[in-house]
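The structure under discussion appears below in the form of structure tokens.
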Amino acid sequence: MSNLNDVMVVGLTGQTGAGKSTVSKTFAENGFAVINADMVARDVVKKGTKCLDEIHDLFGDEVINPDGTLNRSMLANIVFSDSGRLEMLNTITYPYITGEILNEIRIHSLKGEKLILLDAPTLFESRADDFCELIISIVADSDIREKRIIIRDGLTIEQARKRMNSQLDEDFFVKHSDYIITNDSTIERLEDISKEVSDRIKEYYMNKVNPAAENAV
């Protein structure tokens, strides 16, 4: 990262269903380039990739669709019911994901986009927090999150709870983040808080770099 002059990567993570998408959108509207780690994770397991080949070798034909693409729902059912197999999956995918994230950071830097938000649900687990100067975590009440992801992802209560239980707990996020945003209210309130935090981070960045860089933000 040392060759990326004046780049500051801000990590955005938190609990599933807590509202990261809304926060990410607000940061983008406030001038941050956004790298979506979920989209990166989808790209690295596309048909024909080395990453998908390794997943196939480990989990077998049941996680591959007839057209050669990844059967995401089957893989999710397997790994969210078995923490050991989830860890094995992460061991395969995280190096590909972090490699592509670094590549995207370099591309943004070359385009003159120096303030970058890395939206990554598994920021800590993948060690992508090593790229980040500041970290924001979004948390919310467990009942609220459960309802959100059931509606959002079309899950059963059991499936939702398995996904929630596979994540780090709120205490971990609080201890390892520079900013904590609690999303137990309205979307409008979340947007207001996100704008305030993004403004603070931009000010921090501007105070850190030279005036020429400040004018480019």
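Could you grab me the full set of residues in segment 116-146 that are open to solvent by 10 Å² or more (accessible area, probe 1.4 Å) and either hydrophobic (A, V, I, L, M, F, W, C) or touching a Pro at 6+ places or on another chain (Cβ under 6 Å) (or both)?
Across segment 116-146, the qualifying residues are PHE124, PHE131, CYS132, LEU134, ILE135, ILE144.
Any residue that is surrounded by 12 or more Cβ atoms within 10 Å (Cβ to Cβ), under 15 Å from the mean Cα position of the chain (by Cα) and within 22 Å of ILE35 (Cβ to Cβ) - is there at least one of those in segment 68-88?
Looking through segment 68-88, none of the residues is surrounded by 12 or more Cβ atoms within 10 Å (Cβ to Cβ), under 15 Å from the mean Cα position of the chain (by Cα) and within 22 Å of ILE35 (Cβ to Cβ).
Could you give every pair whose Cβ atoms fall below 7 Å, whose first residue belongs to segment 180-205 and is under 16 Å from LYS20 (Cβ atoms) and among the hydroxyl-bearing types (Ser, Thr, Tyr), and whose second residue is outside any helix (DSSP H, G or I) and open to solvent by less than 80 Å² (accessible area, probe 1.4 Å), counting only separations of at least 6 or pairs across chains?
Cβ pairs passing all conditions: THR182/VAL139; THR182/ALA140; SER194/ILE181; SER198/ASN30; SER198/PHE32.
Restricting to segment 16-31, and then to whatever is in contact with a strand residue (DSSP E or B) (Cβ under 8 Å, 6 or more places away or on another chain) and open to solvent by less than 10 Å² (accessible area, probe 1.4 Å), can you tell me which residue is farthest from GLY112 (Cα to Cα)?
ALA18
Among (1) surrounded by fewer than 18 Cβ atoms within 10 Å (Cβ to Cβ); (2) under 16 Å from the mean Cα position of the chain (by Cα), there is one condition ARG161 misses while meeting the rest; what is its number?
(2)
Which is more than 15 Å from GLY17 (Cβ to Cβ), free of Cβ contacts under 8 Å to residues at least 60 places away in the same chain and out of contact with any helix residue (DSSP H, G or I) (no Cβ under 7 Å at 6 or more places or on another chain), of ASP143, ASP153, ASP171? Step through it out loud before you land on a result.
On the way: ASP143 fails: more than 15 Å from GLY17 (Cβ to Cβ); ASP153 fails: more than 15 Å from GLY17 (Cβ to Cβ).
Within the list ASP143, ASP153, ASP171, the selection yields ASP171.
The values are calculated or read from the model by the stated rules, or taken from the named source; none is laboratory data. What you are looking at is a predicted structure, and each value in this text was computed from that prediction instead of being measured. Neighbour counts run over all protein chains shown; Cβ positions are idealised from the backbone, glycine included. Ligands, DNA and RNA are stripped out before the accessible areas are found, and what is left, the full protein with its side chains, is counted by its heavy atoms. Shrake-Rupley method; radii C 1.70, N 1.55, O 1.52, S 1.80 Å.
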